[in-house]
Amino acid sequence: MPASGALVYDTTTSAFQPTGMLFNTNDYAMFLAIFLPIVFWRLTFVQGAWRFVWMLSVLSVVLYLVVMTYSRLGLIAVLLVVAALVIQYTRRLAWLIGAVLTFLMAIVLLVFPQALARIIEVIDASFTEKGASTTDRVERYQSLWEIVVNSRFRGVGAGNSPIQLNEYRLGHEVLQDAILAPHNFWLELLADGGFMGLIALGLFASFFGVAVCVWWTGRRSVDRLLRLVPVLVLLVFMFASVALSTVIDKRYLWLAVGMAVSVMNFSMRSDWRERGSG
């Protein structure tokens, strides 16, 4: 796509990394991971054997695309999502799914051995060839924490932490191409809002805890896979909050969180109706 960051980044792999209709490869990886639970749940309504064909196809394509983005946290997030979906949906068919996956893997090894070798190579490069990026992010986190402490947990004001971060790292010199993104939504909240940021963190933690409780203790008459969707969406959001430069302007993330809220509301109302009628 013309707006892809692959046309801007100057790396050895950027020309071959998918970004979809987004700019950044990490954005695309998290986009695929956060909406995968919703798409997978919707596919459960497909009738007949085509349901399993579509499910396996979607899971395979998403896994491949995320691997090719070289996104480390994106890969970890999507693997956790896939594992949770498969375990939740195939409890009674685990042996059948395992046999099918083993058969497909055997075919890949026999017919396309170079493809599997390439995927393994990409995964290895994603985790071993980004030392400079990891070091840079750790330094940003340390600077952000210094901003939090120096402000005595009162914060520096909404949207000001990137400016403060730039001054901590470069002084008052202004560079046109300087990257000011904190790359950590939670530290950015603390640096911007101080104690108010702590309240926001507490509310999100409570929200995630309620989602887990609704899924774990909900009545079995309501779709258990649907109950799992909010948990997985919020889990991917937590990965995205560290993997991406910022999540404030990532509308697809907040849209997914809104969907998670709607699913939780539906599940809780269903439980209340059942208890009322019982």
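One line per residue, one yes/no per condition, for (1) more than 19 Å from the chain's Cα centre (by Cα); (2) closer than 21 Å to residue 141 by Cβ; (3) part of a loop (DSSP other than H, G, I, E, B):
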site	(1), (2), (3)
208	no, no, no
216	yes, no, no
225	no, no, no
236	no, yes, no
245	no, yes, yes
248	no, yes, yes
253	no, yes, no
258	no, no, no
266	yes, no, no
Original post:
Within region 239-278, restricting attention to residues that are over 16 Å from residue 35 (Cα atoms) and among the aromatic types (Phe, Trp, Tyr), which residue is modelled with the lowest pLDDT?
Top reply: 272
**OP:** Being farther than 21 Å from residue 250 by Cβ, out of contact with any Lys or Arg (no Cβ under 6 Å at 6 or more places or on another chain), part of a helix (DSSP H, G or I) and touching a residue at least 40 places away in the same chain (Cβ under 8 Å) narrows it down to one of 53, 67, 78, 61, so name that one.
**Re:** 67
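Can you go through 63, 43, 79 and tell me which one is at pLDDT 85 or above, more than 24 Å from residue 245 (Cα to Cα), surrounded by fewer than 20 Cβ atoms within 10 Å (Cβ to Cβ) and not basic (Lys, Arg)? First the steps, then the outcome.
Numbers: 63 fails: more than 24 Å from residue 245 (Cα to Cα); 79 fails: more than 24 Å from residue 245 (Cα to Cα).
Result of the check over 63, 43, 79: 43.
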Subject >> Pairs where the first residue, in region 263-278, is aromatic (Phe, Trp, Tyr) and the second is at pLDDT 80 or above, C-beta under 9 Å, 6+ apart >> reply: 266/226
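The values are calculated or read from the model by the stated rules, or taken from the named source; none is laboratory data. Predicted model, so just to flag it, every value in this text is computed and none were measured. Note that we place each Cβ from the backbone using ideal geometry, even for glycine, and neighbour counts take in every protein chain shown.
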